[in-house]
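Rule-based calculations on the coordinates, nothing more; no lab input. Because the structure is predicted, anything quoted here is derived from the model rather than measured. Note that each Cβ is placed from the backbone with ideal geometry, even for glycine, and that neighbours are counted across all protein chains shown.
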Amino acid sequence: MEEADLANAGPKKSSPVIMIAALAVLTLIAGGGGWLIGGMLAPKPLSTEEAKIVEEAKAAIALKKAGQKPEGEASKKDEGLPKIATEANGVVQLDAITTNLSYPTENWIRLEVALLFKGAPDVVMAEQIHQDIAAYLKTVSLQQIQGPRGFQYLKDDIEERVDLRSEGRVTNVIFRTFVIQ
């Protein structure tokens, strides 16, 4: 008879003390794991030398924004590719090309390229190439240039147009920036 009473009683209810204890243990484990992962991912504090370099860089940026030149910068030449063609390097950096795509028309593309000439650079030809690339980009849709394969097709098309326009005088097209908004 006692066995029948136990069978009809159903499952026992757990006490709230056990539930609270289990919840507290899980909270401590989660907190400890978060602390451990945070310690592994957090950047290390800067040394005094690194902090000094960062402060000098911030000061130089603030001076540039104010229109002043930081100390020692007057003798430094601008780094990067020059915007004017020189016989020394044969590189012409074209002005940034910003235009909307053919579809969807609300998307814009910004492209900066540089041309590496064989021999002396031709600024007039570089300007014609700039206009040709700008006209081509207006005919491109977003679907054509999506993903790595689409970008590779765009790059190949631009290089082919540059090669045709320059009649082989441009040996390389250097893509500096490519942004779609």
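Worth a mention:
- Sequence-distant contacts, meaning Cα pairs under 8 Å at least 6 residues apart, place the relative contact order of segment 91-180 at 40 percent.
- Options LEU111, GLY147, VAL173, ranked by Cα towards positive dipole end of segment 103-181, top entry (Cβ charges): GLY147
- The packing ranking of peptides 36-44, 92-100, highest mean first, is 92-100, 36-44, where packing means the average number of other beta carbon atoms within 10 angstrom of each residue.
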